[in-house]
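Written out below as structure tokens is the structure these notes cover.
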Amino acid sequence: MIYLDDHIHDFDLQQALSEVSPQRRQYALRYRQERDQRLSVAAFRLLQRALLEEYGIDEPPLFHYDENGKPRLAGHPDVHFSLSHCLAAVACAVSDKPVGIDIETIDHYSEEIATRVMSEAEMHQILTSPHPAEAFTRLWTMKESLYKLTGDDNNGDIRHMLDRMPPVTFETRVLPRCVCTVCRYKAVTS
């Protein structure tokens, strides 16, 4: 399931910090800027809501990290999740199978930067799109969600990441100010 929240300024940060797990509080307070603390707490609160609604888990989630640094839910190895945030919103995906999610603000893009991170075919999609910034953001969220799913950065070749991907599916939502993409492995059929 996918959960999105673009009301990241509609809660009292100090109150919310007192309600999250000590682990998450410490993590959020590592950020210097209140904006970043708020995004960290908002993503965690969204995960709490998703875990309660989807799995009936009402205790504050505690994380442990695998060898690649990917967070896992302590005590619930059968529950997979992914978190993301941008300046406009936070996103969370929970599933009984591995999942990756990314959300990014649609902004003006730089063609110079795009040529460093996009393949020639992807650049063609961007440059021929009626909304190049949205097309760039869509492709970028696909790459980020794939990386969050697999932990594989294609040996640092982000330009061709989508050319050599495992069998996965993408679900992309274009919102008023951002793009959110979820990546999952394709279901195996017999």
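Going by the conditions given, is Tyr27 of a type in the set (Ser, Thr, Tyr), more than 16 Å from the chain's Cα centre (by Cα), surrounded by fewer than 11 Cβ atoms within 10 Å (Cβ to Cβ) and within 27 Å of Asp152 (Cβ to Cβ)? For Tyr27, the condition - of a type in the set (Ser, Thr, Tyr), more than 16 Å from the chain's Cα centre (by Cα), surrounded by fewer than 11 Cβ atoms within 10 Å (Cβ to Cβ) and within 27 Å of Asp152 (Cβ to Cβ) - is not met.
Would you mind stating whether Glu104 is assigned to a strand (DSSP E or B) and farther than 23 Å from Gln23 by Cβ?
It is true that Glu104 is assigned to a strand (DSSP E or B) and farther than 23 Å from Gln23 by Cβ.
Within segment 106-124, the set of residues being surrounded by 15 or more Cβ atoms within 10 Å (Cβ to Cβ) and touching a residue at least 40 places away in the same chain (Cβ under 8 Å) comprises Ile106, Val117, Met118, Ser119, Glu122. Being surrounded by fewer than 17 Cβ atoms within 10 Å (Cβ to Cβ), outside any helix (DSSP H, G or I) and touching a Leu at 6+ places or on another chain (Cβ under 6 Å) is true of Asp58.
Of all residue pairs spaced 6 or more apart or on separate chains, those with beta-carbon atoms under 8 Å, a first member in segment 126-142 that is farther than 18 Å from Ala91 by Cα and open to solvent by less than 40 Å² (accessible area, probe 1.4 Å) and a second member that is among the hydrophobic types (A, V, I, L, M, F, W, C) and not in a helix (DSSP H, G or I) are Ile126/Met118; Ala133/Ile106; Phe136/Met118.
Give the residues of segment 92-105 that are of a type in the set (Val, Ile, Thr) and either out of contact with any Cys (no Cβ under 9 Å at 6 or more places or on another chain) or surrounded by fewer than 18 Cβ atoms within 10 Å (Cβ to Cβ) (or both), sorted by residue number. Spell out how you get there, then give the answer.
Keep residues of segment 92-105 that are of a type in the set (Val, Ile, Thr), which gives 94, 99, 101, 103, 105.
Within segment 92-105, Val94, Thr105 meet the criteria.
Residues of segment 6-22 that are buried (at least 16 other Cβ atoms within 10 Å of the Cβ) and farther than 19 Å from Pro60 by Cα: Asp6, Ile8.
The values are calculated or read from the model by the stated rules, or taken from the named source; none is laboratory data. Just so we're clear, the structure is a prediction, and the values are computed from it rather than from any experiment. Quick reminder, even Gly has a Cβ in these numbers, built from the backbone with ideal geometry, and neighbours come from all protein chains shown. Ligands, DNA and RNA are excluded from the accessible area calculation, which covers all protein heavy atoms including side chains. Shrake-Rupley method; radii C 1.70, N 1.55, O 1.52, S 1.80 Å.
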